[in-house]
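Peer 1: Dumping the structure here so I can ask a few things about it.
The values are calculated or read from the model by the stated rules, or taken from the named source; none is laboratory data. Note that the coordinates shown come from a computational prediction; the quantities given were computed from them, not determined experimentally. Counting neighbours? That spans all protein chains shown, and the Cβs are built from the backbone with ideal geometry, glycine included.
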Amino acid sequence: MKINGTDIYWNPILETLPPIKLRALQFKKFKRMVEWAYENSRLYRRRYDEEGFKPEELQRWEDIYKVPIIQKEDFRNAQIREPWPYGESLSVPLEDVARFHQTTGATGQPVYMPDTWADWEVRTECWAYALWAAGFRNTDRVFIPFGYNVYMGSWSGHYACEKLGCEVVPGGILNTEERLLKMKELRVNAFMATPTYVLKMADVCRNKLNIDPREMGIDKILCSGEPGASVPTTKKLLEDAWNARVFDFVAATEVGGWAYECAHQPGGLHANEAFFLTELMDIDTGDPIEELHMPGKVVITTLDRFGHPCIRFDSKDVGMWDKPCGCGRSFRILKGGVHGRVDHITKVKGVLFSPIAVDEVVRTIPELADDYELIVTKEGPIDELILKVEMQPEATADQEAVKSKLSRELRLRTTLHFEIEFHPFGTLERPHIQVHRFKDLRAH
């Protein structure tokens, strides 16, 4: 299949492999990875021995569920042992490690992540699938507006763009205004960033540089790092701001880029099943979910990276399966992308609540700014939801009218009552890398 005369698949063989053959390939790779980890990683050997599991038990697909799930905390505990700094997770000689990266530490002590050169090639290949599916080609000049440091994203994206033949412009050391001016000067036509930063760039472009971002010549944007680009209201806001197509992409330092949105934009993300075994597990029971439209916890196995195996890793993300995409890929679709995190889906006043619902509501009210903060706390025995928002500086609507509309829409969407606080424009937190808008301050 071709779009504008070019193939839409980066790897047409693997991306269109019949499901029965794809599953057979995944099981073969999964079994190989489990055996490797048991023989070469002290973490996995100890974990499997404690659970009474042996690799030879893997004889059929259903046996996958016998393999113990690994948590980020297991990696943290393992890395306090030798060899420093990776500890017992490392499954190759230390001298084979070619690259160091780490998690952001947003949920605790950072996890240090080693990659052999072969592992790094796999990481880059996973990004290449996503970029190609979104329409990135060797005719594109791509801007990367983040610093290149110990975090993974900019490095992976840069190398994958080069692999596709794109021209890459790194803009990490520049501030936002300088980045935008450089993009305009060089006539950049594509960039990648978090949804929050994409909106901030548009805001700076309009209000500080007096440039309409829609006239910058951007035709595609790859978003990653936080939920948003798969939320219809947010996606529309992003696309309208730049007059460009916006594509969602999900990656994690521990596993790499495991799901991507194709140019067909089916309302969800393809699980990259060439390189990952992606499972959905019932949040309460842990049972596997194969049915469509049932939310579950995403559990991921990397099938081709051997330096630091990641087998049945509890990502804490929430997703649900959907019908196949019309693009012809056999990789399954996660409807609506990632719906949030398991540790953010909580009961408030007895109601199961996801913060993504608030994002969908806030983005539909044009008088509100893009940034907000959501807090759950307790007032005595009663749960309390506090939503902090900002009005757009050019908004002419009455604040009380906006508050009434926001409160009504939130009630319809969540059945819950929110205490709404208005703050001066520009005073809420606006981090560049990832934004964490939800805080649960209740004692658990």
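Peer 1: So Phe306 clears everything in (1) modelled with pLDDT of 95 or more; (2) in a loop (DSSP other than H, G, I, E, B); (3) closer than 26 Å to Glu239 by Cβ except one condition, right? Which one?
Peer 2: In the conditions (1) modelled with pLDDT of 95 or more; (2) in a loop (DSSP other than H, G, I, E, B); (3) closer than 26 Å to Glu239 by Cβ, Phe306 misses (3) alone.
Peer 1: Now a separate question. Determine which member of the set Ile283, Ile311 is at pLDDT below 95, part of a loop (DSSP other than H, G, I, E, B) and β-branched (Val, Ile, Thr).
Peer 2: Details: Ile311 fails: at pLDDT below 95.
After ruling out the rest, the residue left standing is Ile283.
Peer 1: What tally of residues in the stretch 50-86 results from selecting those that are touching a residue at least 12 places away in the same chain (Cβ under 8 Å) and under 26 Å from the mean Cα position of the chain (by Cα)?
Peer 2: The total comes to 16.
Peer 1: I would also like to ask the following. Would you tally the residues in the stretch 337-386 being touching a Lys or Arg at 6+ places or on another chain (Cβ under 7 Å) and more than 16 Å from Leu416 (Cα to Cα)?
Peer 2: Going through the stretch 337-386 one residue at a time, the tally reaches 7.
Peer 1: Among residues belonging to the stretch 128-143 that are out of contact with any Cys (no Cβ under 8 Å at 6 or more places or on another chain) and buried (at least 20 other Cβ atoms within 10 Å of the Cβ), point out the one that is farthest from Lys184 (Cα to Cα).
Peer 2: Tyr129
Peer 1: Tell me, which strands (runs of 3 or more DSSP E) lie completely within the stretch 323-436 with 3 or more residues that are surrounded by 14 or more Cβ atoms within 10 Å (Cβ to Cβ)?
Peer 2: On the way: elements: 333-335, 346-348, 351-353, 368-379, 382-391, 419-423.
Filter on the stretch 323-436 gives 333-335, 368-379, 382-391, 419-423.
Peer 1: If you don't mind, another one. Ala37 fails exactly one of the following numbered conditions: (1) small (Gly, Ala, Ser); (2) over 27 Å from the mean Cα position of the chain (by Cα); (3) under 22 Å from Ala271 (Cβ atoms). What is the number of that condition?
Peer 2: It is condition (2) that Ala37 fails.
Peer 1: Then there is this: Taking the options Val111, Val92, name whichever one is in contact with a Gly (Cβ under 8 Å, 6 or more places away or on another chain), more than 30 Å from Gly217 (Cβ to Cβ) and not polar (S, T, N, Q). Outline the logic, then answer.
Peer 2: Details: Val111 fails: in contact with a Gly (Cβ under 8 Å, 6 or more places away or on another chain).
Just a single option satisfies the conditions, and that option is Val92.
Peer 1: Quick check on my filter: what residues within the stretch 16-49 are in contact (Cβ under 8 Å) with a residue 12 or more places away in the chain and more than 22 Å from Phe275 (Cα to Cα)?
Peer 2: Answer for the stretch 16-49, where residues must be in contact (Cβ under 8 Å) with a residue 12 or more places away in the chain and more than 22 Å from Phe275 (Cα to Cα): Arg42, Leu43, Arg46, Arg47, Tyr48.
Peer 1: Another question, then. Do we have Val318 as at pLDDT 80 or above, out of contact with any Cys (no Cβ under 9 Å at 6 or more places or on another chain) and outside any strand (DSSP E or B) here? Spell out the reasoning first.
Peer 2: Values: at pLDDT 80 or above: yes; out of contact with any Cys (no Cβ under 9 Å at 6 or more places or on another chain): yes; outside any strand (DSSP E or B): no.
No; evaluated as a whole, the condition is false for this residue.
Peer 1: Taking the condition of being closer than 15 Å to Glu121 by Cβ and touching a Lys or Arg at 6+ places or on another chain (Cβ under 9 Å), how many residues in the stretch 144-172 meet it?
Peer 2: 6
Peer 1: Applying the selection to the stretch 267-280, what residues are part of a loop (DSSP other than H, G, I, E, B) and either without any contact (Cβ under 8 Å) to a residue 60 or more places away in the chain or touching a strand residue (DSSP E or B) at 6+ places or on another chain (Cβ under 6 Å) (or both)?
Peer 2: As a first pass, look at the stretch 267-280 and keep what is part of a loop (DSSP other than H, G, I, E, B): 267, 272-275.
If the condition is that a residue be part of a loop (DSSP other than H, G, I, E, B) and either without any contact (Cβ under 8 Å) to a residue 60 or more places away in the chain or touching a strand residue (DSSP E or B) at 6+ places or on another chain (Cβ under 6 Å) (or both), then Asn272 is the only one that fits.
Peer 1: So, one more: Being touching a strand residue (DSSP E or B) at 6+ places or on another chain (Cβ under 9 Å) and of a type in the set (Lys, Arg) is the filter here, so list the residues in the stretch 205-235 that pass it.
Peer 2: Within the stretch 205-235, Lys220, Lys235 meet the criteria.
Peer 1: Does Arg23 qualify as being at pLDDT below 95 and either surrounded by fewer than 16 Cβ atoms within 10 Å (Cβ to Cβ) or in a helix (DSSP H, G or I) (or both)?
Peer 2: no
Peer 1: Please find, within the stretch 144-185, the residue that is surrounded by the fewest Cβ atoms within 10 Å (Cβ to Cβ) out of those that are in contact (Cβ under 8 Å) with a residue 40 or more places away in the chain, outside any helix (DSSP H, G or I) and not aromatic (Phe, Trp, Tyr).
Peer 2: Val150
Peer 1: Failed condition for Gly171, given (1) over 27 Å from Ile211 (Cα atoms); (2) modelled with pLDDT under 95; (3) in contact with a Phe, Trp or Tyr (Cβ under 6 Å, 6 or more places away or on another chain), with all others met?
Peer 2: Exception for Gly171: condition (1).
Peer 1: When the stretch 208-233 is examined, which residues are found to be within 13 Å of the chain's Cα centre (by Cα) and at pLDDT below 95?
Peer 2: From the stretch 208-233, those within 13 Å of the chain's Cα centre (by Cα) are 222-231; that's our starting set.
The answer is Ser224, Gly225, Glu226, Pro227, Gly228, Ala229, Ser230, Val231.
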